[in-house]
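S.K.: Starting off with a structure, shown below.
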Amino acid sequence: LWSPSAIIDDAVARIREQVGDKKVLLGLSGGVDSSVTALLLQKAIGKQLTCVFVDNGLLRLNEGQQVKEMFEPMDLNFVYADASDRFLEALKGISDPELKRKAIGKTFIDVFADEARKLDDVEFLAQGTIYPDVIESAAAKSGKAHVIKSHHNVGGLPEDLKFKLVEPLRELFKDEVRRIGIALGLPESMVMRHPFPGPGLGVRVLGEVKKEYLDLLRRADAIFMEELNKTGWYQKVSQAFTVFLPVRAVGVMGDHRSYDFVVSLRAVKTIDFMTAKWAELPYDLLGHISNRIINEINGISRVVYDISGKPPATIEWE
Ligand code: XMP
């Protein structure tokens, strides 16, 4: 019978058997999969584990801080690599979505490799690969899957960093990982979070990424999430987020003319993220969110709602 505690015991035993007294490195993203992986490893091998969290500056409001507060007090080695400037530098002047994804992926590998080289005697690299990832990458390798966007993970580390892989979630589905997360004491709010793409807000600021745009987007998205949570709509949709459009529109603020940026709200319902329907959020909720964003954020003058299905659109805009 499937029970979280039996799966946890089994995973812990298997990790101990595979790793012995050797050291393990884990790239922590703050998402469910890597967090659950971290907790399982911590339980199995404690301080033999080092978690590296790369802050790429493309995270949501206060997200880096939250990860720090959660993992720093734990009985493991935690490294917070603040690389925001490196990512912004790498993205400078690039507006093509695929080139942006490549620049973000490459910078991530560079930063992660730099951190890995600072550690001694690490033999293993842990990854939060879950069963659907295994299937997806097998399909991609066989040429069966049509790749629309290049997704990134820690694959492709430089030659001098050869690790053996530890993947304790390899046989699990997402809902199982979530149940294990709860059993391991992860807060519900973190376990039930919507998916967040590896390139983060880098693909939600359309075109060239600038610090100013990221800051506006973070604030708008925080309002959107706050309202969805307050009304129970967060759990009713599969994924919701805000997109920053680097175009200006005219408005009136008091007796002034404003000429500021536009954001789009996106909320979708989907089972498998391969196809998706736009979510029919209530008009009064959309109206309230729009008013809050425009009134509270100096720099945004207009809010639109994305009513594109997948296909033909994708869920993310880039
Ligand atoms: P699209 O935009 O292709 O997105 O309809 C489908 C799902 O995948 C997420 N997504 C990513 N996840 N790395 C990820 O880990 C990525 O590079 C990436 N790009 C998109 C997207 O948020 C949606 O849930």
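The values are calculated or read from the model by the stated rules, or taken from the named source; none is laboratory data. Model, not experiment: these values are computed from the prediction. Glycine gets a Cβ as well: all are built from the backbone with ideal geometry, and neighbour counts include every protein chain shown.
S.K.: Restricting attention to segment 72-83, does a residue exist that is acidic (Asp, Glu) and touching a Gly at 6+ places or on another chain (Cβ under 9 Å)? Outline the logic, then answer.
M.R.: Within segment 72-83, the first condition is being acidic (Asp, Glu), and the residues that meet it are 72, 75, 82.
Narrowing further to those that are touching a Gly at 6+ places or on another chain (Cβ under 9 Å): 75, 82.
For segment 72-83, residues acidic (Asp, Glu) and touching a Gly at 6+ places or on another chain (Cβ under 9 Å): present.
S.K.: So, in segment 18-32, how many residues would count as being surrounded by fewer than 20 Cβ atoms within 10 Å (Cβ to Cβ) and over 14 Å from Glu123 (Cα atoms)? Lay out the reasoning, then the answer.
M.R.: Within segment 18-32, the subset surrounded by fewer than 20 Cβ atoms within 10 Å (Cβ to Cβ) is 18, 20-23, 31.
Adding the requirement that they be over 14 Å from Glu123 (Cα atoms) leaves 31.
The qualifying residues number 1.
S.K.: Quick check on segment 268-318: of everything there that is in a loop (DSSP other than H, G, I, E, B), more than 22 Å from the chain's Cα centre (by Cα) and not small (Gly, Ala, Ser), which residue is nearest to the ligand (Cβ to nearest atom)?
M.R.: Pro311
S.K.: Of everything in segment 88-135, what is of a type in the set (Lys, Arg), more than 26 Å from Thr50 (Cβ to Cβ) and in a helix (DSSP H, G or I)? Give them in sequence order. Even if it seems obvious, please write down each step before you answer.
M.R.: As a first pass, look at segment 88-135 and keep what is of a type in the set (Lys, Arg): 92, 100-102, 106, 117-118.
Imposing the further condition that a residue be more than 26 Å from Thr50 (Cβ to Cβ) reduces the set to 92, 100-102.
The answer is Lys100, Arg101, Lys102.
S.K.: Could you tell me whether Val154 is in the same structural domain as Gly93 (by TED's automatic domain parsing), at pLDDT below 95, within 16 Å of the ligand (Cβ to nearest atom) and within 19 Å of the chain's Cα centre (by Cα)? I'd like the intermediate steps shown before the answer.
M.R.: Numbers: in the same structural domain as Gly93 (by TED's automatic domain parsing): yes; at pLDDT below 95: yes; within 16 Å of the ligand (Cβ to nearest atom): yes; within 19 Å of the chain's Cα centre (by Cα): yes.
So Val154 passes the test.
S.K.: Do the conditions hold for Thr270, that is, is it touching a Ser or Thr at 6+ places or on another chain (Cβ under 6 Å), under 23 Å from Val32 (Cβ atoms), at pLDDT 95 or above and surrounded by fewer than 19 Cβ atoms within 10 Å (Cβ to Cβ)?
M.R.: Values: touching a Ser or Thr at 6+ places or on another chain (Cβ under 6 Å): yes; under 23 Å from Val32 (Cβ atoms): yes; at pLDDT 95 or above: yes; surrounded by fewer than 19 Cβ atoms within 10 Å (Cβ to Cβ): yes.
It is true that Thr270 is touching a Ser or Thr at 6+ places or on another chain (Cβ under 6 Å), under 23 Å from Val32 (Cβ atoms), at pLDDT 95 or above and surrounded by fewer than 19 Cβ atoms within 10 Å (Cβ to Cβ).
S.K.: Another one. Looking only at helices (runs of 4 or more DSSP H) that fall completely inside segment 1-84, which ones have 1 or more residues that are hydrophobic (A, V, I, L, M, F, W, C), within 18 Å of Phe196 (Cα to Cα) and out of contact with any Pro (no Cβ under 6 Å at 6 or more places or on another chain)? Before the answer, list the steps.
M.R.: Working: elements: 4-19, 32-45, 63-71.
Per the criteria, 32-45, 63-71.
S.K.: Considering only segment 220-238, state which residues are under 26 Å from Ser95 (Cα atoms) and surrounded by 19 or more Cβ atoms within 10 Å (Cβ to Cβ).
M.R.: Step one: filter segment 220-238 for residues under 26 Å from Ser95 (Cα atoms), giving 220-222, 224.
Correct list: Ala220, Asp221, Phe224.
S.K.: Out of Leu169, Leu161, I need the residue that is assigned to a loop (DSSP other than H, G, I, E, B), under 19 Å from the mean Cα position of the chain (by Cα) and either modelled with pLDDT of 95 or more or surrounded by 11 or more Cβ atoms within 10 Å (Cβ to Cβ) (or both). Which one?
M.R.: On the way: Leu161 fails: under 19 Å from the mean Cα position of the chain (by Cα).
It is Leu169.
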